[in-house]
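The values are calculated or read from the model by the stated rules, or taken from the named source; none is laboratory data. Not measured: the values here are computed from a predicted model. Here the Cβ is made from the backbone with ideal geometry for all residues, glycine too, and neighbour counts use every protein chain on show. Remember, those area values only see protein heavy atoms, side chains included, never the ligands or the DNA or RNA. Shrake-Rupley method; radii C 1.70, N 1.55, O 1.52, S 1.80 Å.
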Amino acid sequence: MPRMGFRFVGQPFPENDQIGEVVRSALKEPDAIHLWVATAWGKQSGLSRIAKEIEALRDRGGYAECIVGVDEGGATVEGLNRTVELFDAPYVFHDPGQRTFHPKIYVVQNDDRAVAVVGSGNLTRGGLFTNYEGSIVADLDLHDPDDAAFFAGVRDYYERLKGLGDACKPLSLETIEQLKRDPRVIVESERQANRQRRDRQRRGRSTLFGDGAVPGLLGAPPPATQPLPDDEADDDTLEPRESPDHHQAGGETGEPRVTSGGFFKALSKNDVSLKDSPGQIIIPIGFLPFFGELSVQKDESAQGGPRQEHREFSVTFRDGDFVQIVQTGRVILYEPAKNHKRQNSEVRFTFRDREILTRLAEGDVLVFGYEGGGMVVERRENGWRPAGVPSNTRFGTL
C-alpha cells in the first residue's frame, strides 16, 4: 500500500479512478489484513463485483466487517444475504427516529498502512463504479502522527456507530427474516425495486435534459459471481428486462422469452456480411433479457421517428484455441419510425471487433452465456446444436 497522501476520485469520468477499483486494488495487496465498511446500503450489484477480493482476504487470514443501513427503502434481501456471506462481522443499522443512516466509508489496512475512501458511493454497482460520485482517497502511513490521527478519527466514528445500542445490531439470516416482517423497514427483493423503478421511467421521458445517456463514461466490470435473476436495483442490474407494452412478449416468430441462462443462435448470411451493417448480428427479441438493462440512446418516437436503446459491456469470445476479450461489446434495441415499411423491433448484437467478425461464417452457431459473472460467447461449427435439439433449429435456450 504505497503512501500517496490524499487524492480525489470523481466518477464516472474516464480520466478518474473508480471507488470500486480503489477498494479492489487495496484488497489485492498481499499484506492487506483488514477490511471495514460503513455504508447506507449494500446490494448484490456492488458486493458481487468485489466478492472475489474479499474472499481472498479472508482465505489468507484477514478479517472483514461492515455496517449496512436499511433506510429509505434502499436495502434488498439479496444484498443483505450477500453481506452475511462475505463478512466476518456484519451489522445492520437503523435509527427509528428522524435521522437517515447515510455514511460511505471503505477502509483496507495492514499493521502499517491503510487506504481509506470517504465519499458518496454506496456499496452498489453504481456507487462503486458507474454513478456520479465524489470521494476522497487517503493513503495513510499509520506510523505518521497526522495520518494516524485521521485514521483514528474514522475508526472512532465506526466504533461509535457499532455502540449505538438497538440502532446497530449483528446481521444474520435470522435478522434478515425479522427485517422482512418489520413494518417500519422496507426490505424487498431487487426484482421488486427494479420493477418500481422501470414503472417510474415509463411515466414519461425528460425533455429538459435530453433523450439519451451521456456518452463516453466509465462502466463496471462484470460481477465475480453469477448474476442473479432478481439482481440489483439502481441501474446496476443484470436482472431480466421486462418487455415494454408495445413489444410482443414472444416476438413475431414465437421465440421464447428467456429470463435466465444462456442461448444459442445459428448465424445467417446477413449476420456475417462484411458489407451490409457489418458486425451486427440479429438476436431474437425473446433473448433481450440476457443482456440486462438498456439505456435510451435516441428517441424520436414522439415525432414518429425511431427509438434506440443500448448497452455496452466487455465480452470474452472463444473459437477453439482462439480467445479474445473485447471491451466493445454492444447490444441495441431498435424500434423503427412509424412510416417505416418494416415495423419489426430488432435486437442487434456486435463485438465491434473485425478480427472476430472475419472468423464467423454463415451457419456457424454462437453460444451466449455467463461464466464467473462475465459474458462469454463461443463459436461452434455449422450443424452444432445442444443435445436433443433438431439440427435445423435456428436458435434456442440452453
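Per the listing 132, 158, the residue uniquely under 27 Å from residue 76 (Cα atoms), in a helix (DSSP H, G or I), in contact (Cβ under 8 Å) with a residue 12 or more places away in the chain and of a type outside the set (A, V, I, L, M, F, W, C) is 158. Is it true that residue 287 is in a helix (DSSP H, G or I) and either closer than 23 Å to residue 397 by Cβ or β-branched (Val, Ile, Thr) (or both)? Judged against the criteria, residue 287 is a match.
If you check residue 121 against the conditions, is it small (Gly, Ala, Ser) and at positive phi? Answer is no for this residue. Scanning segment 289-320 for residues that are closer than 13 Å to residue 356 by Cα and loosely packed, with under 12 Cβ neighbours inside 10 Å yields a total of 1. Considering segment 344-357, and only residues there that are touching a strand residue (DSSP E or B) at 6+ places or on another chain (Cβ under 9 Å) and open to solvent by 90 Å² or more (accessible area, probe 1.4 Å), the residue that is nearest to residue 302 (Cα to Cα) turns out to be 352. The strands (runs of 3 or more DSSP E) falling completely within segment 294-398 that include 1 or more residues that are among the aromatic types (Phe, Trp, Tyr) and free of Cβ contacts under 8 Å to residues at least 40 places away in the same chain map to 322-335.
If I filter segment 358-389 down to residues being among the aliphatic types (A, V, I, L, M) and crowded, with 16+ Cβ neighbours inside 10 Å, which single residue comes out as farthest from residue 47 (Cα to Cα)? This residue is 360.
Applying the criterion of being open to solvent by less than 60 Å² (accessible area, probe 1.4 Å) and without any contact (Cβ under 8 Å) to a residue 40 or more places away in the chain to the residues of segment 164-190, the residue that is farthest from residue 74 (Cα to Cα) is 165.
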